[in-house]
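Chemist: Below: one structure in structure tokens.
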């Protein structure tokens, strides 16, 4: 009888510990779930056709933005442009300062611009890569795009320059016209 009580107690404690661990994976579980629901609603109302703009900047001055267009759940266009060229130097070719990729061209500019992802892929990266708790980092999660992700990522403790790992989305809106390439 004593062994049975110990076994039941052990099982209860183990299940309690494991449930606490999964709840503790991120400080933003409830916010992320609410935002994921907002994403589902957004995709329904836009027929999974939208565009979003990612903004990035360096501590040394340059800043840029990338607009990704998604039609029926597939990335169809990626536009890049520098919004501040201070610190870049004067010998940058004009075609490197602003460009557009369509259809099969998407991804040919390897050195600049945000990776061409759908919002589903961004939410997956958020959940698996950017939001899990880290002992050595501060994590950020904001939903200033009508409940959709605006900032998601982390900065490792002690890092000095260009340390943010994640995404800053300036805007997300329905795609007005279907883009086909």
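Computed from the coordinates by the stated procedures, all read-outs in this text should not be read as laboratory data. Note that the coordinates shown come from a computational prediction; the quantities given were computed from them, not determined experimentally.
Chemist: Please list log₁₀ I(q)/I(0) at q = 0.13, 0.14, 0.15, 0.20 Å⁻¹ for region 27-174, using the Debye equation with identical point scatterers on the alpha-carbon positions.
Modeler: -0.63, -0.72, -0.82, -1.28
Chemist: What percentages make up the Cα-Cα pair-distance distribution of region 98-181 when the bins are 5 Å wide from 0?
Modeler: Cα pair-distance distribution for region 98-181, in percent: 3, 12, 19, 20, 19, 15, 7, 4, 2, 0.
Chemist: Could you please state, rounded to a whole Å, how far the C-alpha centre of region 77-117 is from the C-alpha centre of region 125-156?
Modeler: Result: 25 Å between the Cα centres.
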